[in-house]
Amino acid sequence: MTTTVETPSVGGFAEPSQTPLALLLLGRQADPNSERGVECPGDLPPASDPDLVERARAAKAALGDRVFILGHHYQRDEVIEFADVTGDSFKLARDAAARPEAEFIVFCGVHFMAESADILTGDSQRVILPDLAAGCSMADMATAEQVAECWDVLADAGIADTTVPVAYMNSSADIKAFTGKHGGTICTSSNAKRALEWAYEQGQKVLFLPDQHLGRNTAVRDLGLSLDDCVLYNPHKPNGGLTVEQLRNAKMILWRGHCSVHGRFTLDSVNEVRERIPGVNVLVHPECRHEVVAAADQVGSTEYIIKALDAAEPGSKWAVGTELNLVRRVAKAHPDKEIVFLDKAVCFCSTMNRIDLPHLVWALESLVEGRVPNVITVDPETEKFAKAALDRMLALP
C-alpha cells in the first residue's frame with residue numbers, strides 16, 4: 001500500500017470544563033484515569049480566517065462536479081460546511097463509489113477511510129486526503145507484520161485453521177487484506193453482531209482486529225458469550241502474552257487496540273453524570289470500555305446515536321459518549337433537549353481534526369491549479385484481498 005504526495009452554554013449545549021486539568025495537551029499529559037495511551041489534545045484552535053471560507057467556496061465552485069467532498073461526523077463545523085455528504089467512514093466510501101463522474105474524491109476524515117474509498121471507487125477516480133498526518137491511533141495499533149506474527153502464534157497453537165479473522169472497518173487496508181486472504185470479513189459498529197454470527201458459522205474462534213472493546217462488547221452483549229470466553233492478545237508480548245491453553249480455550253481472541261477518544265470514558269463518568277443530571281439517559285458508542293457500555297442506557301454506532309437523539313422526546317436529557325464535535329453539533333440541532341458530553345474534560349479526535357479549513361482550501365485550490373495532492377492509493381494486491389473481505393461483509397444478510 002502506497003501513499004503519494006462546561007461551562008458556558010452555547011445554543012443549549014453545556015461545554016465541558018476547560019480547566020488546566022481538562023485541557024490535557026497532546027503528547028504532554030495523559031489522564032491517569034483513562035486507558036493507557038489515551039490522551040486529550042485539549043480545545044480546538046479558533047475558527048479559521050473568514051477569507052478561507054470564501055476561497056473554499058470559490059475553489060469548490062470552480063471544480064464543480066469534478067470534485068466530491070466527504071465529511072466524517074467527527075470533523076469540525078467549518079469543514080462539514082463544505083461536505084457534499086456526511087456520515088461514518090463506510091457510508092462515505094460507498095457514497096464516493098456511487099459518484100463515478102467525480103474525478104476527485106476529497107475525504108475529510110482519516111487515512112484508513114481514504115483507503116477504503118480508494119478500494120471501492122473506480123480506477124479513474126483519485127482519492128485525496130487533505131492532510132497526510134490525519135491517521136487513526138486505533139488503526140495504527142495493528143500492523144501487517146504484527147498480525148502475521150499473531151497468525152503464526154495461532155498456527156503453532158493448532159487453532160489457525162478454526163479461527164476466522166474479523167476486522168473492524170477502522171483498520172488499515174493491509175489489515176483488511178489480511179482478513180480477506182484468510183477467509184474473514186469486515187464489520188462496522190452497526191453490523192458487528194451479524195459479522196460475528198457469520199464468523200462462528202465458518203469456524204470455532206474469532207480473531208477480532210483491532211478494537212478490543214467493540215469485539216468484547218459485541219460478543220458479550222449481543223452474542224451471549226462470557227468475559228471468560230475472551231482473551232486479549234498483546235502484540236508487544238511474546239505469544240501475545242497468552243498461553244497455548246488460553247488460546248485454545250478462547251472463543252474470542254481480541255487484539256489489544258482501542259479508540260483514543262472512546263477509551264477516555266470511564267464508569268466514573270457515567271456515575272458522575274447520573275448524579276449531576278437526574279433522569280439522564282446515557283448513550284455511548286460500542287468502542288467504549290465494557291464497564292461503560294454495561295452501565296449505559298443505550299449503545300450504538302455513530303449513526304445510531306444521531307438517530308436516537310433525533311427521535312428523542314423534547315425535554316429529555318442525554319449524556320453522550322462519543323467524539324465531542326459530533327455531540328456538540330447534534331446538541332445545537334436539538335435545543336429542546338438537554339444533550340451533554342459524557343466526560344467533563346474537553347477532548348476531540350486529534351487526528352481527525354488535522355483536516356481543518358486551511359488544509360481543505362489548499363487541497364481544493366491545488367486541484368483548481370491542475371495539481372493533485374495527497375493521493376491515497378492502495379496497491380492492486382492489497383486491494384484485491386481487502387475488497388474480498390469487504391464484499392463478504394456486503395453479502396451479509
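In the range 362-394, of all residues being touching a Phe, Trp or Tyr at 6+ places or on another chain (Cβ under 9 Å) and either of a type in the set (Lys, Arg) or modelled with pLDDT under 95 (or both), the one that is farthest from ALA59 (Cα to Cα) corresponds to ARG392.
All told, ALA134 falls short of being surrounded by 24 or more Cβ atoms within 10 Å (Cβ to Cβ) and within 13 Å of ALA386 (Cβ to Cβ). Residue count for the range 267-291, restricted to those that are in contact with a strand residue (DSSP E or B) (Cβ under 6 Å, 6 or more places away or on another chain) and more than 19 Å from CYS187 (Cβ to Cβ): 8.
Just one of the listed residues (LYS317, LYS332) is farther than 28 Å from ILE105 by Cα and at pLDDT 95 or above, namely LYS317. The single condition among (1) more than 22 Å from the chain's Cα centre (by Cα); (2) surrounded by 14 or more Cβ atoms within 10 Å (Cβ to Cβ) that ASP228 does not satisfy is (2).
Scanning the range 344-377 for residues that are closer than 20 Å to LEU326 by Cα, aliphatic (A, V, I, L, M) and part of a loop (DSSP other than H, G, I, E, B) turns up VAL346, ILE355. Within the range 281-339, take every residue that is among the polar types (S, T, N, Q) and within 14 Å of the chain's Cα centre (by Cα) and give me the one that is surrounded by the fewest Cβ atoms within 10 Å (Cβ to Cβ). Going through the qualifying residues, I end up with SER301. Among the strands (runs of 3 or more DSSP E) confined to the range 159-211, there are none with at least 3 residues that are under 24 Å from CYS259 (Cα atoms), open to solvent by 10 Å² or more (accessible area, probe 1.4 Å) and in contact with a strand residue (DSSP E or B) (Cβ under 7 Å, 6 or more places away or on another chain). State yes or no: is MET393 of a type outside the set (Gly, Ala, Ser) and either touching a His at 6+ places or on another chain (Cβ under 8 Å) or open to solvent by 50 Å² or more (accessible area, probe 1.4 Å) (or both)? No, not satisfied. Among residues of the range 343-365 being over 18 Å from the mean Cα position of the chain (by Cα) and of a type in the set (A, V, I, L, M, F, W, C), the one that is surrounded by the fewest Cβ atoms within 10 Å (Cβ to Cβ) is TRP362. Residue check: TRP362 meets all listed conditions (1) within 24 Å of ALA97 (Cβ to Cβ); (2) out of contact with any strand residue (DSSP E or B) (no Cβ under 9 Å at 6 or more places or on another chain) but one, namely (1). The criterion of at least 3 residues that are at pLDDT 95 or above is met by the following strands (runs of 3 or more DSSP E) wholly inside the range 4-121: 67-72, 104-108. Taken together, ARG216, ARG248 contain a single residue that is under 25 Å from VAL166 (Cβ atoms) and surrounded by 21 or more Cβ atoms within 10 Å (Cβ to Cβ), which is ARG216. Selection of the range 283-327 for residues being closer than 16 Å to LEU267 by Cβ and of a type in the set (D, E, K, R) yields GLU287, ARG289, GLU291, ASP297.
The values are calculated or read from the model by the stated rules, or taken from the named source; none is laboratory data. A quick note: this is a predicted structure, and the numbers were derived from the prediction, not measured. Because the Cβ atoms are built from the backbone with ideal geometry, glycine has one as well, and the counts that use them run over all protein chains shown. Keep in mind that these areas ignore ligands, DNA and RNA; they rest on the heavy atoms of the full protein, side chains included. Shrake-Rupley method; radii C 1.70, N 1.55, O 1.52, S 1.80 Å.
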